[in-house]
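Nothing in this text is a laboratory measurement; each read-out follows from the coordinates by a stated rule. In this text, all values refer to a predicted model and were calculated from it rather than measured experimentally. Heads up, the Cβs are rebuilt from the backbone with ideal geometry, glycines too, and the neighbour counts pull from every protein chain shown.
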Amino acid sequence: MNASDAASNRLCVLIDADNAQPAITEGLLSEVAKYGVASVKRIYGDWTTPSLSGWKSVLLEYSIQPVQQFRYTVGKNATDSAMIIDAMDLLYTQRFDGFCLVSSDSDFTRLASRIREEGLLVYGFGEKKTPKAFVSACDKFIFTEVLRFQENAEPVVKPKTANELKRDTKLVALLRNALEAASDESGWAHLGAVGSNIAKQAPEFDPRNYGFGKLGQLAAATKLFDMDERVQSDGRSKSIYIRDKRNKPKK
């Protein structure tokens, strides 16, 4: 899917107020805009409880529709059920191209899987504590920690050093495996193809989790790869290619 196709996608944004924080709202909606148009924005919770008071001004500012769900029994989360029922009702209208599920709760794992079974995209948003099952059930999962910003507008996650990145064996293996799958006989691969391969393997992968805004910046920071910016055939646009330094021809 190219950028123009993604921009026209109609998305349904459903937020579990009990498992999300108002501070992420601006970053959340900015992130959603990368994948399409938020045609529906709903948030679920018991709005009679003081714990959700911080959301009220945010809902007005960003035109998010609150859905009231009383807690009938202590210890039982009726909010999840209401959100799941609404999601299925919206799914059956066949008006949307994808869903954005905002929660760190594993209860939405089956919902994400069911939506994908219908051929729709599912973008998950939750904290790093989100169970792996829910993360894996989504096409892409964004940790909300990277959506928070400090007062000086600097990202909360500080860039990791080359040594820290090299010691992350899971990250290194993910980058190298994706590169190998996308590379030509010379060992070079288009960075975009590498990124697409990574997304298929790890929905939760995001360069911002390591303090970098782009995949190319992260790959370069590891100092494990050669990077090459090439001018395309049109003479104007440029593309980045990447190669594992271990495959560099010996002189």
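In this structure the amide hydrogen of residue 35, modeled in the peptide plane, comes within under 5 Å of no amide hydrogen from residues 5 or more places off or on another chain. Please give the net charge around residue 172, taking every other residue with its beta carbon less than 14 angstrom from that of residue 172, where Lys and Arg add +1 and Asp and Glu add -1. Here the charged neighbours net out to +4. Summing +1 for each Lys or Arg and -1 for each Asp or Glu among the other residues whose beta-carbon sits under 11 angstrom from that of residue 106 gives 0. A convex hull fitted around the alpha carbon atoms of the range 162-247 yields 94 Å³ per residue.
Among 8, 79, 39, which residue has its Cα positioned farthest towards the positive end of the charge dipole of the chain, with +1 placed on the Cβ of Lys and Arg, -1 on the Cβ of Asp and Glu, and the dipole taken about the Cα centre? Positive-end residue among those listed: 8. Seen from a random direction on average, the alpha-carbon convex hull of the chain projects onto 16.6 square nanometres. The mean sequence separation of alpha-carbon pairs under 8 Å and at least six residues apart, normalised by the residue count of the chain, gives a relative contact order of 14 percent. Dipole magnitude for the range 199-251: about 340 debye, using +1 per Lys or Arg Cβ and -1 per Asp or Glu Cβ, origin at the Cα centre. Net charge dipole, the range 162-247: roughly 200 debye, given to the nearest 20, about the Cα centre with Cβ charges of +1 for Lys and Arg and -1 for Asp and Glu.
The alpha carbons of the range 32-150 give a radius of gyration and a Dmax of 14.4, 40 Å, in that order.
Working note: Karplus 6.51/-1.76/1.60 with θ = phi - 60° gives the range 164-180 the couplings 5, 5, 5, 6, 7, 4, 5, 5, 4, 5, 5, 5, 5, 5, 5, 5, 4 Hz, where Gly and Pro are set to x.
For the residue pairs 140/200; 34/140; 128/223; 132/170, the C-alpha atoms sit more than 18 angstrom apart in 128/223. For residue 100, the residues 5 or more places off, or on other chains, whose built amide H falls under 5 Å of its own are 12, 13, 14, 123.
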